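Q: To start, I am sharing the structure in question, which I have written as structure tokens.
The values are calculated or read from the model by the stated rules, or taken from the named source; none is laboratory data. As the structure is a prediction and not an experimental result, all values here were calculated from the model. Positions of Cβ are backbone-derived with ideal geometry, glycine not excepted, and every protein chain shown enters the neighbour counts.
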Amino acid sequence: MNRYLIKGGKVIDPASGRSKTEDLLIEGSLIVERFSENRGVKTIEAGGLIVTPGLIDLHVHLREPGREDAETVISGTRAAAAGGFTTVCCMPNTDPAIDSVSVVEQINDQSKQSLIDVKVIAAITKKREGKALTEMGELVDAGVVAFSDDGAPVADSQLMRSAMEYAKTFNRPIVDHAEDLLLAAGGIMNEGYYSTILGLKGIPAAAEEVIVARDTLLAKLTGAKIHIAHISTAGSVDIIKRAKEDGLSVTCETTPHHLALTDESLCDYNTDYKVNPPLRSMGDIDRLFEGLKEGTIDAIATDHAPHARHEKEAEIEVAPFGMIGLETAVPVLINTAKKYGLKLEDLIPKLTVGPARVIGLEAGTLEVGSNADVTIIDAKAKVKVDSSIFESKSRNTPFEGKDLTGSIKHVFKGGKQIVIDGSVI
């Protein structure tokens, strides 16, 4: 039986309110108060390091099935482990879409070979076409944790109402891709000063906000639980804050890149900065951080979106949206939070217990008796982003070559060490 003594680290467990320097004990697959016996104990010196529950990502694209050239379940989960994540939720915009039990079972079978947990989010509508609902009951029986047409909104309000009513019946959240396709049509980047001077078609903030507003109203009508994915605007934060104040079951996430980067980043037409929703203004970032501090924003998710290199090397008008983020999330957050007087420990709830609560997952804690999913972070380590050594199959990161602070030292999944001194086993 594995026994580990994680010695002298700063243990931060928002779920139980712990935040102090102490030892953490792992025996077998569990966090324990004391060892059953003292033989075979391996010591991890964690002085000066942060010890947290294993990180949880609500929003990743593993691309399997259909785009295994960009990512697979195995490569994507290795990238997640390298980034400190012990649980990820995969989105259904695959080919074919995750809209049937057979595809869910395919992903579950692949996940058995991965180092971490993979939770499946199934499509709301068949083929993600926004025309007919999937067989939600069968998909729930197959183990899906939520429903989303991520990458495409459900434009039909009546259909979205029905989806919410069914999802409520099965006690599953709807994960909402908030985008009015008519307002966003042809857009490349945020509509504003920089889109004007660059001569690129803009995507207005309203394209996101009108759907956030619509679906919070539908949540009020149906009593369903909805989770707004990758919010990027000040207006979205304000709408969700009001919905929460009204007692609605509404949660939301933002991403590291929407906290760290503005639309000015596209001034050199680098397609790695092209994402959907687009990078917004500094004013939007300021409001996102306010939303994190006040509790309006429940989670930070990477929206890890791998693409083959040749796709991103196209002209900016035709290159696909998206960037990878699993292996850079922690250092990007550390560096960005500093500007707002925050430390990593202030954001750990948004990476652990926050996302766990969104999908009702028994994870994100270091309480005695819980599964030993543990991430150990060196928040002071200096790193230079080098995508050539990433575990991900794709390299579309805008942080290439950037000097950042923070690295993942060790990761345990169910008591098994899967990252040792920064390297995935």
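Q: Can you name the residue in region 7-28 that is touching a Ser or Thr at 6+ places or on another chain (Cβ under 9 Å) and within 17 Å of residue 379 (Cα to Cα) and is also surrounded by the fewest Cβ atoms within 10 Å (Cβ to Cβ) among such residues?
A: 7
Q: Here is a further query. Among the strands (runs of 3 or more DSSP E) contained in region 1-109, which hold 1 or more residues that are modelled with pLDDT under 95 and over 22 Å from the mean Cα position of the chain (by Cα)?
A: Numbers: elements: 3-13, 18-27, 30-32, 41-45, 50-53, 55-60, 85-90.
The strands (runs of 3 or more DSSP E) meeting that bar are 18-27.
Q: Here's something else I'd like to know. For region 225-263, name all the residues that are part of a strand (DSSP E or B), more than 12 Å from the chain's Cα centre (by Cα) and in contact (Cβ under 8 Å) with a residue 60 or more places away in the chain.
A: 226, 227, 251
Q: Looking at region 324-347, which of the residues that are basic (Lys, Arg) and outside any helix (DSSP H, G or I) is nearest to the chain's Cα centre (by Cα)? Steps first, answer last, please.
A: Here is the first cut: in region 324-347, the ones basic (Lys, Arg) are 338-339, 343.
Remaining after also requiring outside any helix (DSSP H, G or I): 339, 343.
On the way: 339: 22, 343: 19 Å.
The selected residue is 343.
Q: Let me ask another. Checking residue 351 against (1) over 23 Å from residue 303 (Cβ atoms); (2) touching a residue at least 40 places away in the same chain (Cβ under 8 Å); (3) not basic (Lys, Arg): exactly one of these is not met. Which one?
A: Exception for residue 351: condition (1).
Q: For residue 70, are the conditions met, namely being outside the structural domain of residue 307 (by TED's automatic domain parsing) and buried (at least 20 other Cβ atoms within 10 Å of the Cβ)? Quick ask: steps written out before the conclusion?
A: Working: outside the structural domain of residue 307 (by TED's automatic domain parsing): no; buried (at least 20 other Cβ atoms within 10 Å of the Cβ): yes.
No; evaluated as a whole, the condition is false for this residue.
Q: Which count do you get for residues in region 107-134 that are of a type in the set (D, E, K, R) and surrounded by 18 or more Cβ atoms within 10 Å (Cβ to Cβ)?
A: Total satisfying the criteria: 3.
Q: Please go through region 233-255 and pick out each residue that is farther than 17 Å from residue 214 by Cβ and touching a helix residue (DSSP H, G or I) at 6+ places or on another chain (Cβ under 6 Å).
A: Residues satisfying the conditions are 234, 254.
Q: Next question, about the same structure. Name the one entry in 53, 92 that is touching a strand residue (DSSP E or B) at 6+ places or on another chain (Cβ under 8 Å) and closer than 30 Å to residue 19 by Cα.
A: Only one candidate passes the filter, namely 53.
Q: Sticking with this one: Which residues, counting only those in region 300-316, are in a loop (DSSP other than H, G, I, E, B) and farther than 13 Å from residue 270 by Cα?
A: Selection gives 301, 302, 303, 305, 306, 307, 308.
Q: If you don't mind, there's one more thing I want to ask. For region 380-406, which positions are of a type in the set (A, V, I, L, M) and in contact (Cβ under 8 Å) with a residue 24 or more places away in the chain?
A: Within region 380-406, 381, 383, 385, 404 meet the criteria.
Q: Residue 345 is checked against (1) at pLDDT below 95; (2) surrounded by fewer than 16 Cβ atoms within 10 Å (Cβ to Cβ) and fails just one. What number does that condition carry?
A: The one condition residue 345 does not meet is (2).
Q: I've got another one for you. Yes or no: region 391-405 includes at least one residue that is among the charged types (D, E, K, R) and crowded, with 23+ Cβ neighbours inside 10 Å.
A: Within region 391-405, none of the residues are among the charged types (D, E, K, R) and crowded, with 23+ Cβ neighbours inside 10 Å.
Q: Please work out which residue is surrounded by the fewest Cβ atoms within 10 Å (Cβ to Cβ), limiting yourself to region 175-190 and to residues that are among the acidic types (Asp, Glu) and free of Cβ contacts under 8 Å to residues at least 60 places away in the same chain.
A: Step one: list which residues in region 175-190 are among the acidic types (Asp, Glu), which gives 176, 179-180.
Adding the requirement that they be free of Cβ contacts under 8 Å to residues at least 60 places away in the same chain leaves 176, 180.
Values: 176: 31, 180: 18.
That would be 180.
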